[in-house]
Amino acid sequence: MLRIAHKTTFGLRFLTTERKSVSVVGSGPSGFYTVCRLLAKAQIPLDVTLWEKLPVPFGLSRYGVAPDHPEVKNCEDTFSRCAEEFAHGTGKGHSFRFVGNVDVGRDVKLKKLLETQDAVVLSYGCSGDHKLGIPGENTTAGVFTSREIVNWYNGHPEYSGVKDKLSSFDWSKVRRVGIIGNGNVALDITRVLLSNQIKDIWTHTDINPEALKALNEAPVENVKLIARRDFSHSKFTNKEFRELWELERFGIRGTISPEFFKASQFDMKNAERVFKRRVEMVSEYMLPFDQRTKKNYKKHRPPSTIPSRTWEMDYLKTPLTINGNSEGKLESLTLCRNILTQDNKLEQRKSDTLNYDLDLLITSLGYGSSALEEFDALQIGFATNRIANTNGYVLDTNGVIVRGLFAAGWIRRGSSGVIASTMSDAFEVADAVIAELESGSLPKNKDVDLSRINYTTWDDWEKIDKEERSRGQLQGKPRVKFLSTHEMLQFLRK
């Protein structure tokens, strides 16, 4: 098809006047970055629809980021500017709409989107948890997943059942905590648990007040972060690790046994810079305050040489069984010691076991994704927690590209990486979508019937956002969130 440039009233030269439609499923950082890139770069007029299961946008940014890390949520300002420009008719010939409270695959079929839209991008992320698969994991009271904990203290509306379980849990008896995993989420939870009673940290955040009230009752004394492999295979980033060490200014002290950490054991000459800094960090923080050699590790003198609470990194252990008492409540965790062979393979010594007495156990093994109900019928490839794809182009079960269907974010590459890496991933996929749309294929550009669906719009989100901020202003917080979908929809009906 011959493409002719047309000048719009906003000065952008489009290659054609034929509008094309794109649906993006999932409004977390990946989905929203995809939308923003499409609207910024496409040289053909687009009608972009962003679908979201919840009534409100932003996904993992809104409900997955630790409440004391508001700077990580700055991406939401970028997303809002993008949406407002194109949702309110002030954009460059493109249009944008947000459709919330709609579960694609159930309320609206993916097949219908593929039939009516010129391109569909799946970016619905990971909403499940990886499991240990050991006895007692699903039957012992006092065992939770990291997602349950994070969604609870962030006020996720879909976790009302878990919310009740967590709120009714007897936090007043929680002194010894085990966390299996040592990624950033595990470190976030450790920081929340150990600093739960420090008002300076939490008073002015948007943490779920119900969760904070419950957490305040916990007299946590020690948190163990348990990993299968050794220190050099730690999953956290240096920024999160440093924040944990810096809790010493509140009398919260960290440690790593010499069994698992000796600076001399590492090949520092050939190590990457990030790892060198990590080793330096531990080496300095493990020293008494006055013996540290670098000023940046001497910012805040601990209030006492005897810590009020402690955390420790524990390595080369594999959980075997979770043990409950006669009432089914958590009592202990049985583990075995591991060794790393010369070729860096992990070997479990199941005869070499030990027990940790615990009051709370949290599994932080990463987030898992799931296929939509229609994937089998549509023959869309899905395995190992991600959609089969090549450079964002979705593949069918035979490995053939499905025209017009793309994947972005964690559902494309697995649950790893920070928001910055999510942005570059989304931009790459958006550019692929634009290339496909500009190739000259005949447009479908048909609308999806929403007449029988109770969906929310961007205007609805702005009303919710304004109300949450108003509530927060009264309490000196950035916002006080609605804690259930019912509460949000009820507010919008007023």
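Suppose every Lys and Arg Cβ carries +1 and every Asp and Glu Cβ carries -1, with no other charges. What dipole size does the chain come out with about its Cα centre, to the nearest 20 debye?
Working: 70 positive and 63 negative charges, 215 e Å.
Magnitude of the dipole: close to 1040 debye.
By DSSP, what percent of the beta bridges with both residues in segment 248-367 are antiparallel, rounded to the nearest 5? Let's see the in-between values first.
Numbers: 16 of 21 bridges.
Here the antiparallel bridges make up roughly 75 percent for segment 248-367.
How large is ³J(HN,Hα), in whole Hz, for each residue of segment 357-366 in order, when computed from phi with the Karplus curve 6.51 cos²θ - 1.76 cosθ + 1.60 and θ = phi - 60°, using x for Gly and Pro?
Computed from phi, the couplings for segment 357-366 are 6, 9, 9, 8, 10, 10, 9, 10, 9, x Hz.
Viscosity 0.692 mPa s, temperature 37 °C: Stokes-Einstein D of the chain from its Kirkwood Cα radius, in µm² per second?
133 µm²/s
Return the loop-located chymotrypsin sites (Phe, Trp or Tyr not before Pro) in segment 193-255 (DSSP other than H, G, I, E, B) with at most 16 other Cβ atoms within 10 Å of their own Cβ; answer none if there are none.
Details: sites: Trp202, Phe231, Phe236, Phe241, Trp245, Phe250; in loops: Phe236.
Within segment 193-255, no chymotrypsin sites (Phe, Trp or Tyr not before Pro) qualify (loop, at most 16 other Cβ atoms within 10 Å).
Compare the peptides 318-326, 52-60 by average per-residue count of other Cβ atoms within 10 angstrom and give them in order, highest first. Intermediate results must be reported in sequence, preceding the final value.
Working: 318-326: 17.1, 52-60: 23.1.
In descending order of packing, they fall as 52-60, 318-326.
No other cysteine beta carbon under 4.7 Å away is the test; run it over the chain and list who passes.
Singleton cysteines: Cys75, Cys126, Cys336.
Which far-off residues, 5 or more places away or on another chain, put their amide H under 5 Å from the one on Asn182, with H placed in the peptide plane?
Lys235
Within the set Lys163/Lys463; Lys163/Lys213; Lys41/Lys109, which residue pairs have Cα atoms separated by over 20 Å? All intermediate terms of the calculation are to be shown ahead of the outcome.
Numbers: Lys163/Lys463 25 Å; Lys163/Lys213 13 Å; Lys41/Lys109 28 Å.
Result: Lys163/Lys463; Lys41/Lys109 exceed 20 Å.
Could you work out the local net charge near Gln197, counting Lys and Arg as +1, Asp and Glu as -1, over the other residues with Cβ closer than 11 Å to its Cβ? Each step should come with its number before you reach the end.
Working: positive: Lys199, Arg309; negative: Asp200, Glu217.
Neighbourhood net charge equals 0.
Looking only at segment 130-367, where both bridge partners belong to it, what percent of the DSSP beta bridges are antiparallel (to the nearest 5)?
Details: 16 of 39 bridges.
Antiparallel bridges: around 40 percent, rounded to the nearest 5.
Nearest 500 deg cm²/dmol is fine: what mean residue ellipticity at 222 nm does the chain get from its DSSP H runs of n ≥ 4 alone, each adding -39,500 (n - 2.57), divided by its residue count? Can you show the working numbers first?
Working: 16 runs with 152 residues, N = 494.
After summing the helix terms and dividing by the residues of the chain, the value is -9000 deg cm²/dmol.
In terms of Cα to Cα distance under 20 Å, which aspartates and glutamates are near enough to Lys345, apart from those fewer than 8 places away along the same chain?
The reachable aspartates and glutamates, counting only those whose Cα sits under 20 Å from Lys345, are Asp230, Glu259, Asp267, Asp314.
Taking every pair of distinct Cα atoms and averaging 1/r, then inverting, what Kirkwood hydrodynamic radius in Å comes out for segment 130-367?
18.8 Å
What does the C-alpha gyration tensor say about the overall shape of segment 53-106? Classify as rounded when a/c is under 1.5, otherwise prolate if a/b is larger than b/c, or oblate. Each step should come with its number before you reach the end.
Details: a/c = 3.73, a/b = 1.26, b/c = 2.96.
Because a/c hits 1.5 or more and a/b fails to exceed b/c, segment 53-106 counts as oblate.
Specify which residue in the list Gly328, Asn101, Ser470 is farthest towards the positive end of the charge dipole of the chain, using unit charges on the beta carbon of Lys, Arg (+1) and Asp, Glu (-1), about the Cα centre.
Ser470
Can you say what percent of the DSSP beta bridges in the chain, counting only those with both residues inside, are antiparallel? Round to 5. Before the final figure, lay out the partial values.
Working: 28 of 70 bridges.
Counting DSSP beta bridges with both partners in the chain, the antiparallel share is about 40 percent.
Among the lysines, which have Cα under 16 Å from the Cα of Lys444 when same-chain residues fewer than 8 positions away are ignored?
Of all the lysines, those that pass the test against Lys444 - Cα under 16 Å, at least 8 places apart if same chain - are Lys20, Lys111, Lys112.
Name the shape class, rounded, prolate or oblate, that the alpha-carbon gyration tensor gives for segment 167-210, where a ≥ b ≥ c are the square roots of its eigenvalues, rounded holds for a/c under 1.5, and otherwise prolate holds if a/b is larger than b/c and oblate otherwise. Don't jump to the answer; show the numbers that get you there.
Values: a/c = 1.84, a/b = 1.17, b/c = 1.58.
Oblate, because a/c is 1.5 or more while a/b does not exceed b/c.
Only the coordinates and a few stated rules stand behind these numbers; no lab work does. Being a predicted model, the structure only gives us computed values, none of them experimental. Neighbour counts run over all protein chains shown; Cβ positions are idealised from the backbone, glycine included.
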